[in-house]
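Notes for the one structure printed next.
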Amino acid sequence: MLDTKINHQLVEILQTDLLKWFEKAKRDLPFRRTRDPYFIWISEIMAQQTQIDTLIPFYNRFIDSFPTVFSLALAPVDEVIKAWEGLGYYSRARNLHQAARIIVADYDGLMPDNFAELIKLPGIGPYTGGAIASIAFNEPVSAVDGNVLRVISRFCNSFADIGDAKTKKQMTRWIESILPEAAGDFNEALMELGALICTPQSPKCLLCPIRSGCQSHTAGTTGQLPVKKKKTKQLTRKMEVGIVTQNDCLFFVRRPDAGLLSGMWSFPIVETTVGNGQDIKKKLGENFPELNEPIFIGTSRHVFSHIIWEMSVYRFNLDSMVSETASHPYFISALGAPQSDHQTAFKALPQIDDLALPVAFSKLLALLKNAD
DNA sequence: GAAGCGTGGTC
DNA sequence: TGACCAAGCTT
(Lines give C-alpha, C1' and ligand atoms only; values in the text may rest on other atoms or scores of the structure.)
Protein backbone atom coordinates (compact mmCIF):
# COMPACT_ATOMS: atom_id res chain seq x y z
CA MET A 1 0.00 0.00 0.00
CA LEU A 2 1.33 3.36 -1.02
CA ASP A 3 1.50 5.69 1.96
CA THR A 4 1.76 9.23 0.73
CA LYS A 5 0.51 10.84 3.92
CA ILE A 6 3.67 12.81 4.37
CA ASN A 7 3.60 16.31 5.75
CA HIS A 8 3.39 19.51 3.82
CA GLN A 9 6.96 20.47 4.57
CA LEU A 10 8.28 17.38 2.78
CA VAL A 11 6.04 18.04 -0.21
CA GLU A 12 7.43 21.56 -0.29
CA ILE A 13 10.95 20.13 -0.56
CA LEU A 14 9.87 17.86 -3.39
CA GLN A 15 8.31 20.73 -5.30
CA THR A 16 10.80 23.53 -4.71
CA ASP A 17 14.21 21.95 -4.28
CA LEU A 18 13.69 19.47 -7.10
CA LEU A 19 12.78 22.18 -9.61
CA LYS A 20 15.71 24.31 -8.46
CA TRP A 21 18.08 21.37 -8.96
CA PHE A 22 16.60 20.53 -12.36
CA GLU A 23 17.10 24.04 -13.66
CA LYS A 24 20.79 23.77 -12.83
CA ALA A 25 21.56 20.10 -13.49
CA LYS A 26 19.43 19.12 -16.45
CA ARG A 27 21.19 17.65 -19.43
CA ASP A 28 21.31 19.54 -22.69
CA LEU A 29 19.29 17.18 -24.90
CA PRO A 30 18.28 17.93 -28.50
CA PHE A 31 14.58 17.63 -27.71
CA ARG A 32 14.94 20.02 -24.79
CA ARG A 33 15.78 22.80 -27.20
CA THR A 34 12.25 22.87 -28.57
CA ARG A 35 8.65 23.02 -27.43
CA ASP A 36 7.38 21.73 -30.78
CA PRO A 37 4.97 18.94 -29.84
CA TYR A 38 5.97 16.94 -32.92
CA PHE A 39 9.58 16.71 -31.77
CA ILE A 40 8.55 16.08 -28.17
CA TRP A 41 6.33 13.27 -29.42
CA ILE A 42 9.09 11.58 -31.43
CA SER A 43 11.49 11.78 -28.51
CA GLU A 44 8.96 10.37 -26.03
CA ILE A 45 8.11 7.40 -28.24
CA MET A 46 11.80 6.65 -28.65
CA ALA A 47 12.29 6.98 -24.90
CA GLN A 48 9.88 4.14 -24.12
CA GLN A 49 11.96 1.41 -22.45
CA THR A 50 15.07 3.02 -23.92
CA GLN A 51 17.82 4.99 -22.23
CA ILE A 52 18.25 8.56 -23.42
CA ASP A 53 21.89 8.16 -24.43
CA THR A 54 20.87 5.34 -26.74
CA LEU A 55 18.14 7.19 -28.58
CA ILE A 56 19.87 10.52 -29.24
CA PRO A 57 21.55 9.56 -32.55
CA PHE A 58 18.34 7.87 -33.68
CA TYR A 59 16.38 10.99 -32.79
CA ASN A 60 18.68 13.29 -34.73
CA ARG A 61 18.58 11.12 -37.84
CA PHE A 62 14.84 10.62 -37.57
CA ILE A 63 13.85 14.28 -37.45
CA ASP A 64 16.34 14.94 -40.21
CA SER A 65 14.52 12.39 -42.40
CA PHE A 66 11.03 13.32 -41.20
CA PRO A 67 11.11 16.97 -40.10
CA THR A 68 7.33 17.42 -40.00
CA VAL A 69 4.28 15.33 -39.23
CA PHE A 70 3.39 15.63 -42.93
CA SER A 71 6.69 14.17 -44.09
CA LEU A 72 6.22 11.30 -41.66
CA ALA A 73 2.63 10.66 -42.71
CA LEU A 74 3.51 10.67 -46.41
CA ALA A 75 6.57 8.43 -46.09
CA PRO A 76 6.34 4.74 -46.99
CA VAL A 77 6.13 2.71 -43.80
CA ASP A 78 9.25 0.76 -44.77
CA GLU A 79 11.27 3.98 -44.70
CA VAL A 80 10.03 4.73 -41.22
CA ILE A 81 10.90 1.23 -40.03
CA LYS A 82 14.31 1.58 -41.64
CA ALA A 83 14.91 4.73 -39.61
CA TRP A 84 14.04 2.72 -36.51
CA GLU A 85 16.45 -0.11 -37.36
CA GLY A 86 18.54 -1.04 -34.32
CA LEU A 87 16.30 0.70 -31.80
CA GLY A 88 13.99 -2.24 -31.09
CA TYR A 89 10.31 -2.53 -30.23
CA TYR A 90 9.50 -1.84 -33.85
CA SER A 91 5.76 -1.56 -33.31
CA ARG A 92 6.61 1.88 -31.95
CA ALA A 93 7.63 2.97 -35.43
CA ARG A 94 4.51 1.52 -37.04
CA ASN A 95 2.29 3.21 -34.47
CA LEU A 96 4.17 6.47 -34.94
CA HIS A 97 3.60 6.33 -38.67
CA GLN A 98 -0.06 5.41 -38.26
CA ALA A 99 -0.60 8.19 -35.73
CA ALA A 100 1.02 10.71 -38.08
CA ARG A 101 -1.50 9.77 -40.76
CA ILE A 102 -4.34 10.21 -38.29
CA ILE A 103 -3.01 13.61 -37.22
CA VAL A 104 -2.87 14.75 -40.84
CA ALA A 105 -6.26 13.29 -41.72
CA ASP A 106 -8.22 14.21 -38.60
CA TYR A 107 -6.35 17.11 -36.99
CA ASP A 108 -5.19 19.18 -39.99
CA GLY A 109 -1.64 18.10 -39.24
CA LEU A 110 -1.65 19.70 -35.80
CA MET A 111 -0.71 17.58 -32.79
CA PRO A 112 -3.63 17.25 -30.36
CA ASP A 113 -2.92 19.66 -27.50
CA ASN A 114 -4.38 17.74 -24.59
CA PHE A 115 -3.98 14.45 -22.75
CA ALA A 116 -7.45 13.08 -23.55
CA GLU A 117 -6.96 13.42 -27.31
CA LEU A 118 -3.32 12.35 -27.29
CA ILE A 119 -3.93 8.97 -25.69
CA LYS A 120 -6.40 8.11 -28.45
CA LEU A 121 -3.47 7.90 -30.86
CA PRO A 122 -1.76 4.54 -31.40
CA GLY A 123 1.42 4.18 -29.38
CA ILE A 124 0.52 6.96 -26.94
CA GLY A 125 -0.41 5.61 -23.52
CA PRO A 126 -0.75 7.25 -20.10
CA TYR A 127 2.95 8.05 -19.71
CA THR A 128 3.58 9.41 -23.20
CA GLY A 129 0.30 11.30 -23.24
CA GLY A 130 1.16 12.93 -19.93
CA ALA A 131 4.67 13.75 -21.06
CA ILE A 132 3.61 15.44 -24.31
CA ALA A 133 0.67 17.25 -22.71
CA SER A 134 2.72 18.60 -19.81
CA ILE A 135 6.00 19.33 -21.59
CA ALA A 136 4.69 20.75 -24.86
CA PHE A 137 1.42 22.28 -23.60
CA ASN A 138 1.98 22.57 -19.83
CA GLU A 139 -1.24 20.75 -19.10
CA PRO A 140 -1.36 19.88 -15.36
CA VAL A 141 -1.07 16.10 -15.74
CA SER A 142 1.62 13.72 -14.51
CA ALA A 143 3.91 11.51 -16.58
CA VAL A 144 4.67 8.44 -14.54
CA ASP A 145 7.45 6.24 -15.88
CA GLY A 146 9.84 3.84 -14.18
CA ASN A 147 11.99 6.69 -12.90
CA VAL A 148 9.07 8.42 -11.26
CA LEU A 149 7.80 5.22 -9.67
CA ARG A 150 11.24 4.64 -8.19
CA VAL A 151 11.75 8.22 -6.98
CA ILE A 152 8.34 8.46 -5.37
CA SER A 153 8.58 4.98 -3.82
CA ARG A 154 11.77 6.01 -2.14
CA PHE A 155 10.70 9.52 -1.23
CA CYS A 156 7.54 8.19 0.44
CA ASN A 157 9.24 4.99 1.68
CA SER A 158 6.52 3.01 -0.07
CA PHE A 159 6.81 -0.77 -0.31
CA ALA A 160 3.92 -1.04 -2.74
CA ASP A 161 4.77 -3.15 -5.81
CA ILE A 162 5.43 -0.68 -8.63
CA GLY A 163 4.52 -3.35 -11.16
CA ASP A 164 1.00 -3.29 -9.82
CA ALA A 165 -1.38 -1.15 -11.88
CA LYS A 166 -3.06 0.03 -8.71
CA THR A 167 0.19 1.45 -7.36
CA LYS A 168 0.77 3.32 -10.59
CA LYS A 169 -2.69 4.85 -10.44
CA GLN A 170 -2.23 5.91 -6.83
CA MET A 171 1.11 7.54 -7.59
CA THR A 172 -0.34 9.26 -10.63
CA ARG A 173 -3.15 10.74 -8.56
CA TRP A 174 -0.86 11.75 -5.74
CA ILE A 175 1.62 13.52 -8.02
CA GLU A 176 -1.20 15.39 -9.71
CA SER A 177 -2.39 16.53 -6.29
CA ILE A 178 0.97 18.18 -5.60
CA LEU A 179 1.79 19.28 -9.16
CA PRO A 180 3.35 22.75 -9.25
CA GLU A 181 2.58 25.38 -11.89
CA ALA A 182 5.47 24.19 -14.04
CA ALA A 183 3.97 20.74 -14.61
CA GLY A 184 6.21 19.77 -17.53
CA ASP A 185 9.39 20.84 -15.75
CA PHE A 186 8.31 18.98 -12.63
CA ASN A 187 7.66 15.76 -14.54
CA GLU A 188 10.97 16.05 -16.34
CA ALA A 189 12.73 16.84 -13.07
CA LEU A 190 11.40 13.68 -11.43
CA MET A 191 12.63 11.62 -14.38
CA GLU A 192 15.98 13.39 -14.54
CA LEU A 193 16.52 12.78 -10.82
CA GLY A 194 15.74 9.11 -11.36
CA ALA A 195 18.12 8.89 -14.31
CA LEU A 196 21.06 10.78 -12.77
CA ILE A 197 20.79 10.57 -8.96
CA CYS A 198 18.07 8.24 -7.73
CA THR A 199 19.31 5.36 -9.88
CA PRO A 200 18.18 1.75 -9.46
CA GLN A 201 21.56 0.62 -8.17
CA SER A 202 23.94 2.72 -6.09
CA PRO A 203 21.78 5.83 -5.85
CA LYS A 204 23.84 8.98 -5.24
CA CYS A 205 21.97 10.03 -2.14
CA LEU A 206 24.74 12.40 -1.02
CA LEU A 207 24.13 14.45 -4.14
CA CYS A 208 20.35 14.30 -3.94
CA PRO A 209 18.63 17.68 -3.77
CA ILE A 210 15.61 16.25 -1.92
CA ARG A 211 17.50 13.97 0.44
CA SER A 212 16.32 15.90 3.50
CA GLY A 213 12.71 15.04 2.68
CA CYS A 214 13.28 11.47 1.55
CA GLN A 215 11.51 9.06 3.88
CA SER A 216 13.46 5.98 2.76
CA HIS A 217 16.71 7.86 3.31
CA THR A 218 15.60 8.62 6.84
CA ALA A 219 14.49 5.02 7.38
CA GLY A 220 17.58 3.54 5.75
CA THR A 221 15.47 1.52 3.33
CA THR A 222 16.46 3.13 0.02
CA GLY A 223 18.37 0.03 -1.06
CA GLN A 224 15.23 -2.08 -0.70
CA LEU A 225 13.13 0.17 -2.91
CA PRO A 226 11.33 0.12 -5.19
CA VAL A 227 9.59 -3.22 -4.72
CA LYS A 228 9.09 -4.96 -8.03
CA LYS A 229 8.17 -8.51 -8.94
CA LYS A 230 10.83 -10.48 -10.77
CA LYS A 231 10.33 -11.15 -14.43
CA THR A 232 10.17 -14.75 -15.57
CA LYS A 233 13.35 -15.95 -17.22
CA GLN A 234 13.50 -16.09 -21.01
CA LEU A 235 13.07 -19.43 -22.73
CA THR A 236 15.95 -20.48 -24.96
CA ARG A 237 15.15 -21.66 -28.47
CA LYS A 238 17.53 -23.48 -30.78
CA MET A 239 17.37 -21.96 -34.24
CA GLU A 240 18.92 -22.65 -37.62
CA VAL A 241 19.65 -19.76 -39.95
CA GLY A 242 20.30 -20.16 -43.67
CA ILE A 243 22.33 -17.59 -45.55
CA VAL A 244 21.94 -18.23 -49.25
CA THR A 245 24.57 -16.52 -51.37
CA GLN A 246 24.92 -16.12 -55.07
CA ASN A 247 27.79 -13.97 -56.25
CA ASP A 248 27.33 -10.71 -54.35
CA CYS A 249 23.70 -11.40 -53.48
CA LEU A 250 22.14 -12.53 -50.24
CA PHE A 251 18.69 -14.03 -49.83
CA PHE A 252 16.26 -12.39 -47.43
CA VAL A 253 12.66 -12.99 -46.41
CA ARG A 254 10.20 -10.64 -44.82
CA ARG A 255 8.88 -11.84 -41.50
CA PRO A 256 5.12 -12.28 -40.93
CA ASP A 257 3.13 -9.18 -40.04
CA ALA A 258 2.48 -10.31 -36.48
CA GLY A 259 4.69 -11.44 -33.63
CA LEU A 260 8.39 -11.04 -33.01
CA LEU A 261 10.15 -8.64 -35.41
CA SER A 262 6.97 -8.51 -37.48
CA GLY A 263 7.40 -7.11 -40.96
CA MET A 264 11.17 -6.86 -40.60
CA TRP A 265 13.58 -8.41 -43.06
CA SER A 266 15.36 -11.57 -42.04
CA PHE A 267 17.52 -14.45 -43.10
CA PRO A 268 15.50 -17.63 -43.40
CA ILE A 269 15.29 -19.11 -39.91
CA VAL A 270 13.56 -22.09 -38.31
CA GLU A 271 13.40 -23.58 -34.85
CA THR A 272 15.22 -26.90 -34.64
CA THR A 273 15.79 -29.78 -32.29
CA VAL A 274 18.59 -31.41 -34.25
CA GLY A 275 20.92 -28.58 -35.18
CA ASN A 276 22.77 -30.06 -38.15
CA GLY A 277 21.44 -27.67 -40.77
CA GLN A 278 18.94 -30.07 -42.30
CA ASP A 279 15.88 -28.29 -40.91
CA ILE A 280 16.79 -24.98 -42.52
CA LYS A 281 17.79 -26.76 -45.71
CA LYS A 282 14.34 -28.30 -45.89
CA LYS A 283 12.72 -24.92 -45.28
CA LEU A 284 14.82 -23.34 -48.02
CA GLY A 285 13.60 -26.03 -50.37
CA GLU A 286 10.43 -23.97 -50.78
CA ASN A 287 12.44 -21.43 -52.73
CA PHE A 288 15.41 -23.50 -53.89
CA PRO A 289 14.63 -26.97 -55.28
CA GLU A 290 18.30 -27.88 -55.37
CA LEU A 291 20.75 -26.92 -52.67
CA ASN A 292 24.24 -27.97 -51.70
CA GLU A 293 24.76 -29.35 -48.22
CA PRO A 294 24.81 -26.65 -45.52
CA ILE A 295 28.18 -25.15 -44.65
CA PHE A 296 28.35 -24.34 -40.93
CA ILE A 297 29.81 -20.87 -40.41
CA GLY A 298 29.22 -20.26 -36.72
CA THR A 299 26.83 -19.70 -33.86
CA SER A 300 25.22 -16.60 -32.46
CA ARG A 301 23.17 -15.96 -29.37
CA HIS A 302 20.60 -13.21 -29.30
CA VAL A 303 18.70 -12.12 -26.21
CA PHE A 304 15.26 -10.60 -26.68
CA SER A 305 13.02 -9.30 -23.92
CA HIS A 306 11.24 -12.62 -23.49
CA ILE A 307 13.14 -15.30 -25.46
CA ILE A 308 16.70 -16.20 -26.37
CA TRP A 309 17.73 -17.48 -29.77
CA GLU A 310 20.71 -19.78 -29.98
CA MET A 311 21.38 -19.71 -33.66
CA SER A 312 23.46 -22.09 -35.74
CA VAL A 313 24.23 -20.37 -39.01
CA TYR A 314 24.66 -22.19 -42.30
CA ARG A 315 25.71 -20.91 -45.66
CA PHE A 316 24.31 -22.21 -48.92
CA ASN A 317 26.38 -21.05 -51.84
CA LEU A 318 24.67 -21.04 -55.21
CA ASP A 319 27.73 -19.91 -57.17
CA SER A 320 28.63 -23.46 -58.14
CA MET A 321 25.08 -24.46 -59.01
CA VAL A 322 24.26 -25.00 -62.64
CA SER A 323 23.08 -21.69 -63.97
CA GLU A 324 22.87 -21.91 -67.71
CA THR A 325 22.18 -18.27 -68.46
CA ALA A 326 22.73 -14.89 -66.94
CA SER A 327 19.11 -14.82 -65.90
CA HIS A 328 19.89 -16.61 -62.63
CA PRO A 329 17.01 -19.09 -62.38
CA TYR A 330 17.18 -19.21 -58.62
CA PHE A 331 16.99 -15.45 -58.45
CA ILE A 332 13.84 -15.49 -60.57
CA SER A 333 12.17 -18.26 -58.62
CA ALA A 334 12.80 -16.49 -55.37
CA LEU A 335 11.33 -13.22 -56.50
CA GLY A 336 8.50 -14.82 -58.42
CA ALA A 337 7.11 -16.97 -55.66
CA PRO A 338 6.42 -14.87 -52.60
CA GLN A 339 4.64 -16.78 -49.87
CA SER A 340 1.31 -15.63 -48.52
CA ASP A 341 2.83 -14.55 -45.23
CA HIS A 342 6.19 -13.30 -46.35
CA GLN A 343 8.06 -11.78 -49.23
CA THR A 344 11.44 -12.85 -50.47
CA ALA A 345 14.23 -11.00 -52.16
CA PHE A 346 17.81 -11.28 -53.27
CA LYS A 347 19.83 -8.26 -52.43
CA ALA A 348 23.30 -7.45 -53.57
CA LEU A 349 25.63 -6.63 -50.68
CA PRO A 350 25.69 -2.89 -51.27
CA GLN A 351 21.87 -2.84 -51.21
CA ILE A 352 21.47 -4.47 -47.82
CA ASP A 353 21.21 -0.97 -46.43
CA ASP A 354 17.79 -0.63 -48.09
CA LEU A 355 16.25 -3.30 -45.87
CA ALA A 356 15.36 -2.87 -42.24
CA LEU A 357 17.36 -5.71 -40.71
CA PRO A 358 17.11 -6.35 -36.97
CA VAL A 359 20.33 -6.62 -34.99
CA ALA A 360 19.66 -10.33 -34.42
CA PHE A 361 20.40 -10.79 -38.12
CA SER A 362 22.70 -7.93 -39.03
CA LYS A 363 25.27 -9.23 -36.56
CA LEU A 364 25.37 -12.50 -38.49
CA LEU A 365 26.97 -10.68 -41.41
CA ALA A 366 30.21 -10.80 -39.42
CA LEU A 367 30.10 -14.61 -39.48
CA LEU A 368 29.73 -14.54 -43.24
CA LYS A 369 32.65 -12.18 -43.58
CA ASN A 370 34.84 -14.36 -41.36
CA ALA A 371 33.91 -17.42 -43.38
CA ASP A 372 35.41 -15.94 -46.53
C1' DG B 1 -3.54 -9.12 -14.89
C1' DA B 2 -0.24 -11.12 -17.60
C1' DA B 3 2.33 -11.76 -21.53
C1' DG B 4 4.45 -10.14 -25.91
C1' DC B 5 7.54 -7.00 -27.67
C1' DG B 6 14.37 -5.29 -28.92
C1' DT B 7 18.47 -3.73 -27.79
C1' DG B 8 22.41 -2.09 -25.17
C1' DG B 9 24.56 -1.13 -20.75
C1' DT B 10 26.11 -2.37 -16.14
C1' DC B 11 27.84 -4.98 -12.39
C1' DT C 1 27.87 -14.99 -17.58
C1' DG C 2 23.60 -14.08 -15.94
C1' DA C 3 20.49 -10.94 -13.94
C1' DC C 4 18.66 -6.69 -14.04
C1' DC C 5 17.25 -2.65 -16.06
C1' DA C 6 15.72 1.43 -19.43
C1' DA C 7 11.44 8.38 -20.28
C1' DG C 8 5.77 1.67 -21.83
C1' DC C 9 2.08 0.22 -24.97
C1' DT C 10 -0.97 -3.27 -26.75
C1' DT C 11 -3.72 -7.25 -26.60
Taking the range A:198-225 and keeping residues within 14 Å of DNA strand C (Cβ to nearest atom) and either under 14 Å from A:LYS20 (Cβ atoms) or in contact with a Phe, Trp or Tyr (Cβ under 8 Å, 6 or more places away or on another chain) (or both) leaves A:GLN224, A:LEU225
Every residue from the range A:253-303 that is polar (S, T, N, Q) and more than 16 Å from DNA strand C (Cβ to nearest atom):
A:SER266, A:THR272, A:THR273, A:ASN276, A:GLN278, A:ASN287, A:ASN292
Somewhere in the range A:285-294, is a residue in contact with a strand residue (DSSP E or B) (Cβ under 7 Å, 6 or more places away or on another chain), more than 10 Å from DNA strand B (Cβ to nearest atom) and part of a strand (DSSP E or B)?
no
Restricting attention to the range A:235-250, does a residue exist that is more than 23 Å from A:GLU290 (Cβ to Cβ) and either modelled with pLDDT under 90 or among the hydrophobic types (A, V, I, L, M, F, W, C) (or both)?
yes
Scan the range A:101-155 for residues that are in contact with a strand residue (DSSP E or B) (Cβ under 8 Å, 6 or more places away or on another chain) and surrounded by fewer than 22 Cβ atoms within 10 Å (Cβ to Cβ) and jot them down.
none
Surrounded by fewer than 21 Cβ atoms within 10 Å (Cβ to Cβ) and free of Cβ contacts under 8 Å to residues at least 12 places away in the same chain, is that true of A:PRO67?
yes
Only listed residue being more than 16 Å from DNA strand B (Cβ to nearest atom) and in the same structural domain as A:ARG173 (by TED's automatic domain parsing), chosen from A:ASN147, A:ASN114
A:ASN114
A:SER134 vs (1) within 24 Å of A:GLY194 (Cα to Cα); (2) away from DNA strand C (no atom under 12 Å from the Cβ); (3) polar (S, T, N, Q): all pass except (2)
Given the conditions (1) buried (at least 16 other Cβ atoms within 10 Å of the Cβ); (2) at pLDDT 95 or above, and given that A:TYR330 satisfies all but one, which numbered condition is not satisfied?
(2)
Of the conditions (1) within 11 Å of DNA strand C (Cβ to nearest atom); (2) touching a residue at least 12 places away in the same chain (Cβ under 8 Å); (3) assigned to a loop (DSSP other than H, G, I, E, B), A:GLY194 fails just one. Which one is it?
(3)
Of the listed residues (A:SER91, A:SER43), the one being assigned by TED's automatic domain parsing to the domain that holds A:ASN147, crowded, with 17+ Cβ neighbours inside 10 Å and under 30 Å from A:LYS228 (Cβ atoms) is A:SER43
Scanning the range A:172-191 for residues that are closer than 18 Å to A:GLY146 by Cα and open to solvent by 50 Å² or more (accessible area, probe 1.4 Å), the one nearest to DNA strand C (Cβ to nearest atom) turns out to be A:ASP185
With respect to A:ILE162, is the statement that it is open to solvent by 10 Å² or more (accessible area, probe 1.4 Å), within 13 Å of DNA strand C (Cβ to nearest atom) and in contact (Cβ under 8 Å) with a residue 12 or more places away in the chain true?
yes
For the range A:122-144, which positions are of a type outside the set (Phe, Trp, Tyr) and within 16 Å of DNA strand B (Cβ to nearest atom)?
A:PRO122, A:GLY123, A:ILE124, A:GLY125, A:PRO126, A:THR128, A:VAL144
Could you please find all residues in the range A:39-60 being within 16 Å of DNA strand B (Cβ to nearest atom) and β-branched (Val, Ile, Thr)?
A:ILE42, A:ILE45, A:THR50, A:ILE52, A:THR54, A:ILE56
Residues of the range A:61-88 being touching a His at 6+ places or on another chain (Cβ under 9 Å) and either of a type in the set (Ser, Thr, Tyr) or within 15 Å of DNA strand B (Cβ to nearest atom) (or both), in sequence order, are A:VAL77, A:VAL80, A:ILE81
Candidates A:LEU2, A:LEU10 - the one that is modelled with pLDDT under 95 and either in contact with a Lys or Arg (Cβ under 6 Å, 6 or more places away or on another chain) or in a loop (DSSP other than H, G, I, E, B) (or both)
A:LEU2
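The values are calculated or read from the model by the stated rules, or taken from the named source; none is laboratory data. What you see is a predicted model; the values in this text were computed from it and never measured. Please note: Cβ atoms are built from the backbone with ideal geometry, for glycine as well, and neighbour counts cover all protein chains shown. Please note that ligands, DNA and RNA were not included when accessible areas were found on the heavy atoms of the full protein model with its side chains. Shrake-Rupley method; radii C 1.70, N 1.55, O 1.52, S 1.80 Å.
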